[in-house]
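A.B. asks: The structure's right below; bear with me while I get my questions together.
The values are calculated or read from the model by the stated rules, or taken from the named source; none is laboratory data. Quick caveat: nothing in here was measured; it's all calculated off a predicted structure. Glycine also receives a Cβ, built like all others from the backbone with ideal geometry; neighbour counts cover every protein chain displayed. Please note that ligands, DNA and RNA were not included when accessible areas were found on the heavy atoms of the full protein model with its side chains. Shrake-Rupley method; radii C 1.70, N 1.55, O 1.52, S 1.80 Å.
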Amino acid sequence: MKIDYVCSVTLLTVGILMACGKDTEKDKTSSVASCNIGDDCYVRDTATLNVTNISATGSSKSHNFGQNCQGCHQDKGPGKGLFQIAGSLYKNTTTPWVDGATIKLFSDKARTQLVASVNADSLGNFYSTDKLTVPAAGLFVSIFDSSDQKLQDMGSPKISFACNVCHAGNARLVVKPKS
């Protein structure tokens, strides 16, 4: 028996929901079940699950600027790879930051113990599938420009790096260049 999957995508202000169901040749009408991204019933293409997918300076292959990247790039989602950190940088409330940036994660508030870093691409997005071990106390986040000059610090440590979940709408991550 041939099984295909029928999916419909609904965009929401907070994320993306996807309804998927099995579509068999035997019964095209009654076999479709509702299944959202993240649900146990969501069928992931395993060929795109454990792959490396990291943003790079100058790259322009990213998409969905400003949306929650980890909504799709998770173990029960359709995105290529499992993002450990992902988000979007803005120049102002509507324009992507395209001037080059690196997001750095530190284990200490003084930001002397670098744990990981990821470069933003030419579309203002940053993302990485590199394994990230986050202590219970969290990691401190800083943004650096293309000359490695610190632009901004987040004041408190973070344990989640799905940055566009919090940095959305009026709370977008607007980068403030040093004068």
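A.B. asks: Kindly list, by first and then second residue, each pair from a residue in segment 40-59 that is at negative phi to a residue that is charged (D, E, K, R) and outside any loop (DSSP other than H, G, I, E, B), limited to pairs with Cβ atoms under 9 Å and residues at least 6 apart or on different chains.
C.D. replies: V43/K22
A.B. asks: Also: Tally time: how many residues in segment 98-121 are over 16 Å from M154 (Cβ atoms) and buried (at least 18 other Cβ atoms within 10 Å of the Cβ)?
C.D. replies: 2
A.B. asks: Give segment 135-152 a look and list any residue that's among the aliphatic types (A, V, I, L, M) and either within 16 Å of N92 (Cβ to Cβ) or open to solvent by less than 50 Å² (accessible area, probe 1.4 Å) (or both), or say none.
C.D. replies: L139, V141, I143, L151
A.B. asks: Now for a separate question. Hey, could you check segment 153-177 for residues that are surrounded by fewer than 18 Cβ atoms within 10 Å (Cβ to Cβ) and part of a strand (DSSP E or B) and say which is modelled with the lowest pLDDT?
C.D. replies: Among them, the one singled out is V174.
A.B. asks: Can you tell me which residues in segment 136-152 are assigned to a loop (DSSP other than H, G, I, E, B), closer than 16 Å to Q84 by Cα and in contact with a strand residue (DSSP E or B) (Cβ under 9 Å, 6 or more places away or on another chain)? Working first, answer last.
C.D. replies: In the first step, residues of segment 136-152 are kept if they are assigned to a loop (DSSP other than H, G, I, E, B); the result is 136-138, 146-149.
Okay, now just the ones that are also closer than 16 Å to Q84 by Cα, so 136, 138.
Residue satisfying the conditions is G138 alone.
A.B. asks: Which of the residues spanning segment 70-88 are out of contact with any His (no Cβ under 9 Å at 6 or more places or on another chain) and farther than 19 Å from C35 by Cα?
C.D. replies: Matches in segment 70-88: Q84, I85.
A.B. asks: Got a sec? Which of K104, K91 is basic (K, R) and either at pLDDT 95 or above or touching a Ser or Thr at 6+ places or on another chain (Cβ under 6 Å) (or both)?
C.D. replies: Only one candidate qualifies: K104.
A.B. asks: Which of the residues that make up segment 122-134 are at pLDDT 95 or above, polar (S, T, N, Q) and open to solvent by 60 Å² or more (accessible area, probe 1.4 Å)?
C.D. replies: none
A.B. asks: Could you tell me whether any residue of segment 20-30 is of a type in the set (A, V, I, L, M, F, W, C), at pLDDT 90 or above and either farther than 23 Å from P157 by Cβ or under 20 Å from the mean Cα position of the chain (by Cα) (or both)?
C.D. replies: no
A.B. asks: Which residue out of I16, I54 is modelled with pLDDT of 95 or more and open to solvent by 30 Å² or more (accessible area, probe 1.4 Å)?
C.D. replies: Among I16, I54, only I54 is modelled with pLDDT of 95 or more and open to solvent by 30 Å² or more (accessible area, probe 1.4 Å).
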